[in-house]
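Visitor: This is the structure, below, for whatever I ask next.
The values are calculated or read from the model by the stated rules, or taken from the named source; none is laboratory data. From a predicted model like this one, the values you see are computed outputs, not experimental measurements. Virtual Cβ from ideal backbone geometry, glycine too; neighbours counted across all protein chains shown. We work out accessible area using only protein heavy atoms, side chains counted, and drop any ligands, DNA or RNA first. Shrake-Rupley method; radii C 1.70, N 1.55, O 1.52, S 1.80 Å.
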Amino acid sequence: DTEVTQTPKHLVMGMTNKKSLKCEQHMGHRAMYWYKQKAKKPPELMFVYSYEKLSINESVPSRFSPECPNSSLLNLHLHALQPEDSALYLCASSQQRLAGGTGELFFGEGSRLTVL
Amino acid sequence: GENVEQHPSTLSVQEGDSAVIKCTYSDSASNYFPWYKQELGKGPQLIIDIRSNVGEKKDQRIAVTLNKTAKHFSLHITETQPEDSAVYFCAAATGFQKLVFGTGTRLLVSP
């Protein structure tokens, strides 16, 4: 099983709503990531979890709150978002190290978020 | 921090032609350089990667070359097919887990 599964595929929310994006992998990977991708742009790193602990936060606004309940699950809690936060949110996983390990980052298909 | 530049932004070729995409990186400490293909409505998928102790790597119609001195690396696709049409991203890894992507190349292969 080499899949990263993201739900929901599409989400529309108002600026006062609270919602969550979910990600699941069963490849035994111990690093999990959230990336944000705007149209016609490359993915931008938001957060990295390593062994269920937050290891990288790329100065993301606090209206985005990540959570890693266990080694297979990664959530992104959304609250008081702005229209400019509309984007494709990609989850990924890898073995612990990219540069020193096997390297491959496995991406899900993404959750397309629209903030009204 | 690391900065990765990628050229060209769009590339149109005829089926059967070769395609070359070039990237430069800024951080001499980067030592892992993957290439990802992203099809419409999907997440990026790794197609080939190279580490800094290797100058060239080939996998069927796809090859990647790395020039550490010049901080350049390139993707070469031979005998292109319409299904190669997609957006291609180069990337460089700094540290153990941070991958920085290039700006992307939209490849269109016409039959």
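Visitor: Measuring from label point to label point, each 7 Å out along Cα→Cβ, what is the A:Thr114 to B:Ser12 span in nm?
Guide: 3.0 nm
Visitor: Over region A:24-116, what is the mean sequence separation of C-alpha contacts under 8 Å (at least six apart), divided by residue count, expressed as relative contact order in percent?
Guide: Computed over region A:24-116, the figure is 30 percent.
Visitor: Quick one: Cα centre-to-centre distance for region B:1-22 and region A:34-66, in angstrom?
Guide: 26 Å
Visitor: Springs between alpha-carbon atoms under 10 Å, Gaussian network over chain B: tell me which of B:Leu11, B:Leu66, B:Leu75 tops the mean-square fluctuations.
Guide: B:Leu11
Visitor: Only Cα pairs under 8 Å and at least 6 apart count here; give the relative contact order of chain B as a rounded whole percent.
Guide: Computed value for chain B: 38 percent relative contact order.
Visitor: Now, a different point. Classify region B:49-104 from the C-alpha gyration tensor, please: rounded if a/c falls under 1.5, else prolate or oblate depending on whether a/b exceeds b/c.
Guide: Verdict is oblate for region B:49-104.
Visitor: Counting protein heavy atoms only and a 1.4 angstrom probe, how many square angstrom of accessible surface do chains B and A bury in total, to the nearest 100?
Guide: Counting protein atoms only, the buried area is about 1900 Å².
Visitor: I need to check one value: relative contact order of region B:20-62, counting alpha carbon pairs closer than 8 Å and at least 6 residues apart, in percent.
Guide: It rounds to 31 percent for region B:20-62.
Visitor: So, one more: In nm, give the distance between the simple-model label positions of A:Lys9 and B:Lys71, each being 7 Å from the Cα along the Cα-to-Cβ direction.
Guide: Result: 4.1 nm between the two label points.
Visitor: Roll a 1.4 angstrom probe over the protein heavy atoms and tell me the percent of accessible area of the protein assembly as shown that is carbon or sulfur.
Guide: Here carbon and sulfur together make up 49 percent of the probe-accessible area.
Visitor: Are there cysteines in chain A with no second cysteine's Cβ under 4.7 Å away, and if so, which?
Guide: For chain A, the answer is A:Cys68, because their Cβ atoms have no other cysteine Cβ under 4.7 Å.
Visitor: Pick from A:Ser59, A:Ser72, A:Ser93: which residue has the top mean-square fluctuation in a GNM of chain A where Cα pairs under 10 Å get a spring?
Guide: Residue with maximal mean-square fluctuation among A:Ser59, A:Ser72, A:Ser93: A:Ser59.
Visitor: Let me ask you something else. Taking amide hydrogens as modeled 1.01 Å from N in the peptide plane, which residues meet the under 5 Å criterion relative to B:Thr103, leaving out close sequence neighbours?
Guide: Here B:Gln6 satisfy the definition.
Visitor: Around B:Ala86, with a cut-off of 10 angstrom between Cβ atoms, what is the net charge of the other residues, counting Lys and Arg +1 and Asp and Glu -1?
Guide: 0
Visitor: Amide H neighbours of B:Asn31 under 5 Å, counting only residues 5+ apart in sequence or on other chains, H built in-plane at 1.01 Å?
Guide: For B:Asn31, whose amide H was placed from the backbone, the distant partners under 5 Å are B:Ala93.
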